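Chemist: My questions all concern the structure below.
Coordinate-derived values only; no laboratory data. Every value quoted in this text rests on a predicted model; they were computed, and no experiment measured them.
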Amino acid sequence: MKPDSAAILGQNPIFEVVKRLEANDLKIIAMKMIHLTQTQAEGFYAVHRERPFFGGLTDFMSSGPAVVMVLEGENAIARYRDLMGATNYKEAAEGTIRRDFATDIEKNVVHGSDAPETAAFEIGYFFNAFEINAR
Ligand code: CMP
């Protein structure tokens with residue numbers, strides 16, 4: 001069953017996502033469940049502030065818990081983006097997370113950094129150095 005919200009444990013596909021990460025050699029080196037306030041969601045998605053979907057996206061992302069992770073692996077950004085699939089789940093390839101579980105372009109289940117610079121900002125938004133098990 002597709003989840004209504006990407007963020008409610010028990011209804012979301014978190015375990016399936018973790019399984020796919022592990023099967024694809026993307027090592028989880030930090031992970032926690034959070035529940036963003038609207039202001040925190042707005043800060044995370046600040047680059048999209050002028051976009052028409054900003055309100056809906058930040059409403060949704062603050063509507064329930066979310067699991068945030070830091071992934072490590074060879075070419076991790078590109079490989080995780082391949083696993084996620086296109087932003088619009090209707091355009092995502094067969095077998096991708098979004099194709100399999102998303103219900104709406106704004107409720108597309110997973111997010112992934114698109115470059116090392118955005119990863120640095122996004123990791124720092126949720127984790128401090130002591131919470132990341134990098135060796
Ligand atoms: P992501 O790319 O992970 O982060 C920004 C999010 O904004 C994106 O996932 C979608 O959830 C949402 N988004 C991007 N483009 C659109 C759009 N055209 N319409 C609605 N939501 C969008």
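Chemist: At 0.36 nm per residue, minus the direct Cα-Cα distance, what do R81 and E117 gain on full extension? Give it in nm, one decimal, please.
Modeler: Going from the current span to full extension adds 11.4 nm.
Chemist: Contact order normalised by length for the chain, with contacts defined as Cα pairs under 8 Å and 6 or more residues apart; what percent is it?
Modeler: Result for the chain is 29 percent.
Chemist: Scattering from the C-alpha atoms of segment 92-134 alone, worked out with Debye: what is log10 I(q)/I(0) at q = 0.25 1/Å?
Modeler: -0.86
Chemist: Please give the Cα centre distance for segment 19-53 versus segment 88-135, rounded to the nearest Å.
Modeler: 6
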